[in-house]
Amino acid sequence: QVQLVESGGGLVQAGGSVRLSCTASGRSFSGSAMGWFRQAPGKERDFVAASGWSGGTTNYAETVKGRFTISRDNAKNTVYLQMDSLKPEDTAIYYCAASKSWRGGYYRTLHDYDYWGQGTQVTVSS
């Protein structure tokens, strides 16, 4: 069955960098959108970044634009999130998500995705 597994989370100082990875199994997502969301304690799960099937089309939340970069390697069925210039406000559980098929649009909402990873914790110390 389909499974998405995130990795790369951990503790980092403010201003540092972390690279998250998410590898999917069970089916190929080469023709589908993939994205990243995050959820801080007591908060809703919010959009971070999304990538179209080729990786050439991307969309970012305003709070991370210019600092985070989403990329993907379809041959590896993997999506990445490079996080630079991290701030304490970035502390959250980060979730990988994938859609069953390309639908168009910006893929900024939870309902745009069909599969989810278990999440990985990123903690940014000040």
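Tabulated data for the structure shown
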item: Per residue solvent-accessible surface (Å²) - the chain, probe of 1.4 Å; result: 51 Å²
item: Ordering of 77-83, 49-55 by packing [mean C-beta count within 10 Å, highest first]; result: 77-83, 49-55
item: Alpha carbon centroid spacing (whole Å) that separates the stretch 86-116 from the stretch 1-27; result: 13 Å
item: The chain, dipole about Cα centre (Lys/Arg Cβ +1, Asp/Glu Cβ -1), debye to the nearest 20; result: 200 debye
item: Solvent-accessible area, 1.4 Å probe, carbon plus sulfur percent, for the chain; result: 47 percent
item: Compactness of the stretch 16-126, expressed as Rg and Dmax over alpha-carbon positions, Å; result: 13.0, 40
item: Relative contact order computed over the chain (Cα-Cα under 8 Å; 6+ residues apart), in percent; result: 36 percent
item: Partner lysines for LYS87 [C-alpha distance under 16 Å; skip if fewer than 8 residues away on the same chain]; result: LYS65
item: Burial order of peptide ranges 27-38, 100-111 (average beta-carbon count within 10 Å, highest first); result: 27-38, 100-111
item: Dipole magnitude of the stretch 56-109 about its Cα centre (Cβ charges: Lys, Arg +1; Asp, Glu -1), debye to nearest 20; result: 260 debye
item: In the stretch 27-109, GluC sites (Glu not before Pro) in a DSSP loop with at most 10 other beta-carbon atoms within 10 Å; result: GLU44, GLU62
item: Antiparallel DSSP beta bridges within the chain, as percent of all bridges there, nearest 5; result: 90 percent
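The values are calculated or read from the model by the stated rules, or taken from the named source; none is laboratory data. Owing to the predicted nature of the structure, the values given are computational and were not obtained by experimental measurement. Using ideal geometry, Cβ is built from the backbone for each residue, glycine included, and neighbour counts are taken over all protein chains shown. These area figures cover heavy atoms from the full protein model, side chains too; ligands, DNA and RNA do not enter into them. Shrake-Rupley method; radii C 1.70, N 1.55, O 1.52, S 1.80 Å.
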